[in-house]
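The values are calculated or read from the model by the stated rules, or taken from the named source; none is laboratory data. Quick caveat: nothing in here was measured; it's all calculated off a predicted structure. No Cβ is skipped: glycine too gets one built from the backbone with ideal geometry, and neighbour counts run over all protein chains shown.
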C-alpha cells in the first residue's frame, strides 16, 4: 500500500525499519520513530498526539478508525463515516478525502478509450485530465472543496465536441456525476488546455458522456 518499511544509508546499510500491524500501529521498530513519520498511504504521524494526519482528517491507529468524519460523507460508498474506503483491496484514500480506484486498471481503460476517441475523431485535439474551471480560468470546487477532473475533452475547429468520463461497465459513477453537477452549477463552464497560457474552452452546453471500457473484450460503450 505504499507504506515505508525500511531506510538505508549511502553504504546500503539499514538505518531504520518499521513494521505496522493491520490497524497501522507500529508493531516493530528499529531506529528513531520520527525518522520517517509516514505510515499508511497518505498518513503522517503527529508525534504529540499519536494520531495520523491525513490532510482532511485524523486516524487513530489504536482504535483502527478515523476519529473525524469523512468530509465527503456517504458519497464515497462507505457505510461508515469513520472508515477508510469501501474496499481497501482496490481503493486508496491518499488525501483522507476521496477514494481512488485501482490505478493500473484505470490506466488500461483510459488507453483503450483514447484509441477509441482517436478513431472517432481523427482530426481532433484530445485533452486529457482537465479540471473544470470558470470563465476566468479558476478551478471551481464543490461544497466539500473537491475539484472535478474530466478524463478526455475532444476539440475540433476550436470548439469542444465531446467530454468523456472513462470507467468500467459495472462502476457506479453517481457520486462523481453529482459532484460535476454541483461544480457546473457553481460556475464551472470551461476547461483549460495545458500550460500557463493554455486556451480556455467552453463546455457549458456539452454534457459529459460515459465511456464504459471492458478490459477483457476491449470494447467501448458510450452513453
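Looking only at residues that are in contact with a strand residue (DSSP E or B) (Cβ under 7 Å, 6 or more places away or on another chain) and at pLDDT 95 or above in the stretch 180-195, which one is nearest to residue 126 (Cα to Cα)? Before the answer, list the steps.
Narrowing the stretch 180-195 to residues in contact with a strand residue (DSSP E or B) (Cβ under 7 Å, 6 or more places away or on another chain): 180, 188-193.
This time we only want the ones that are at pLDDT 95 or above, so: 188-193.
Working: 188: 20, 189: 18, 190: 15, 191: 12, 192: 12, 193: 10 Å.
Among residues in the stretch 180-195 that are in contact with a strand residue (DSSP E or B) (Cβ under 7 Å, 6 or more places away or on another chain) and at pLDDT 95 or above, the one nearest to residue 126 (Cα to Cα) is 193.
Given the criteria in contact (Cβ under 8 Å) with a residue 24 or more places away in the chain and either touching a strand residue (DSSP E or B) at 6+ places or on another chain (Cβ under 7 Å) or surrounded by fewer than 17 Cβ atoms within 10 Å (Cβ to Cβ) (or both), does residue 198 qualify?
Details: in contact (Cβ under 8 Å) with a residue 24 or more places away in the chain: no; either touching a strand residue (DSSP E or B) at 6+ places or on another chain (Cβ under 7 Å) or surrounded by fewer than 17 Cβ atoms within 10 Å (Cβ to Cβ) (or both): yes.
Spelling it out, it is not the case that residue 198 is in contact (Cβ under 8 Å) with a residue 24 or more places away in the chain and either touching a strand residue (DSSP E or B) at 6+ places or on another chain (Cβ under 7 Å) or surrounded by fewer than 17 Cβ atoms within 10 Å (Cβ to Cβ) (or both).
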- Message: Of everything in the stretch 152-169, what is surrounded by 18 or more Cβ atoms within 10 Å (Cβ to Cβ) and at pLDDT below 95? Give them in sequence order.
- Response: 165, 166, 167
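Can you find even one residue in the stretch 41-53 that is more than 25 Å from residue 80 (Cα to Cα) and in the same structural domain as residue 85 (by TED's automatic domain parsing)?
yes
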- Scanning the stretch 22-45 residue by residue, those surrounded by 13 or more Cβ atoms within 10 Å (Cβ to Cβ), in a loop (DSSP other than H, G, I, E, B) and on the phi < 0 side of the Ramachandran plot turn out to be 23, 25, 36, 37, 39, 40, 41, 43
- Task: Scan the stretch 135-147 for residues that are modelled with pLDDT of 90 or more and crowded, with 19+ Cβ neighbours inside 10 Å and report the count.
- Result: 1
- Task: Working only within the stretch 146-171, note down all residues that are under 14 Å from the mean Cα position of the chain (by Cα) and either at positive phi or part of a loop (DSSP other than H, G, I, E, B) (or both).
- Result: 146, 147, 148
- Item | Failed item in (1) buried (at least 20 other Cβ atoms within 10 Å of the Cβ); (2) closer than 18 Å to residue 116 by Cβ, with residue 188 passing the rest | (2)
- Task: Being out of contact with any helix residue (DSSP H, G or I) (no Cβ under 7 Å at 6 or more places or on another chain), buried (at least 17 other Cβ atoms within 10 Å of the Cβ) and in contact (Cβ under 8 Å) with a residue 12 or more places away in the chain is the filter here, so list the residues in the stretch 59-70 that pass it.
- Result: 59, 61, 66
